[in-house]
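The values are calculated or read from the model by the stated rules, or taken from the named source; none is laboratory data. Keep in mind that this is a model prediction, so the values were computed, not measured. Note: ideal-geometry Cβ built from the backbone for every residue, glycine included; neighbour counts use all protein chains shown. Areas reflect the complete protein model, heavy atoms only, side chains present, ligands, DNA and RNA absent. Shrake-Rupley method; radii C 1.70, N 1.55, O 1.52, S 1.80 Å.
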Amino acid sequence: MNKITYTFSVDCKIAQLRGMTVTGGEFCRADGKWQQEPDAVRFAERVDGKILIVLIAGKPALEAALTAHKAQKQAVADRLAAIGWPQYQAVQRRAYNARGAYDQAGERGYPVKEAAAMRVADEALDAARAQYPLAAAYAKAESYSMAHNDQKASAGRRAMTAIESGADPVATIAEMDAEWSAAAEKAVQNA
């Protein structure tokens, strides 16, 4: 995501901000309710040591940036929906929850009911991998992006970004795997 730059008007209510250009802006919520739509921009620069958060309303440049941001997010959501990501993610979440229930019940003894539920959820996930192979590829990139190894996580984030931008998921995952394999092999050789 591009960082936002904004120049305050010369008639700004705060005298020290008049005509000042700030950079490194990211969308946020002024009230801290991060799960809601952004209504402000937080900038990297500080004024008198204080974080600079600017409300979007009434500032055409920031309103245009927010509109472009929303359009970009919608385009990504549409691309992911086209490969079956929402459906795959729902099955993946059910399998994750079933594994969690099994682990928790396993602390109290052998969890027969939970084991059966986990087996059904895993079979559903296998079926989803077959039904939505491109979404499964995106899920692999997502899992790489959460790796503890910086190179692996970086490769996963690049793959996710490429797929979100419309790149072929299969080719992107092949590149990601090749990049990680080369990095791992180099690490082994240097060890």
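A quick yes/no check of all residues on (1) modelled with pLDDT under 95; (2) surrounded by 12 or more Cβ atoms within 10 Å (Cβ to Cβ); (3) of a type in the set (K, R):
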residue: Y88; (1), (2), (3): no, yes, no
residue: V91; (1), (2), (3): no, yes, no
residue: A95; (1), (2), (3): no, yes, no
residue: A101; (1), (2), (3): yes, yes, no
residue: E123; (1), (2), (3): no, no, no
residue: A130; (1), (2), (3): no, no, no
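Out of the strands (runs of 3 or more DSSP E) lying entirely within the stretch 1-89, which hold 2 or more residues that are aliphatic (A, V, I, L, M)?
Of the strands (runs of 3 or more DSSP E) lying wholly inside the stretch 1-89, those with at least 2 residues that are aliphatic (A, V, I, L, M) span 40-47, 50-55.
Name the single residue that is farthest from the chain's Cα centre (by Cα) among those in the stretch 99-115 being free of Cβ contacts under 8 Å to residues at least 12 places away in the same chain and closer than 23 Å to Y88 by Cβ.
Looking at residues that are free of Cβ contacts under 8 Å to residues at least 12 places away in the same chain and closer than 23 Å to Y88 by Cβ, I get D103.
Would you please name the residue that is farthest from E142 (Cα to Cα), looking only at residues in the stretch 165-191 that are open to solvent by 90 Å² or more (accessible area, probe 1.4 Å) and of a type in the set (D, E)?
The extreme case among them is E185.
Going by what's in this entry, would A75 be described as open to solvent by less than 60 Å² (accessible area, probe 1.4 Å) and either in contact with a Ser or Thr (Cβ under 6 Å, 6 or more places away or on another chain) or within 29 Å of L134 (Cβ to Cβ) (or both)?
It is true that A75 is open to solvent by less than 60 Å² (accessible area, probe 1.4 Å) and either in contact with a Ser or Thr (Cβ under 6 Å, 6 or more places away or on another chain) or within 29 Å of L134 (Cβ to Cβ) (or both).
Any residue at all in the stretch 27-43 that is among the acidic types (D, E) and surrounded by 12 or more Cβ atoms within 10 Å (Cβ to Cβ)?
Checking the stretch 27-43: at least one residue is among the acidic types (D, E) and surrounded by 12 or more Cβ atoms within 10 Å (Cβ to Cβ).
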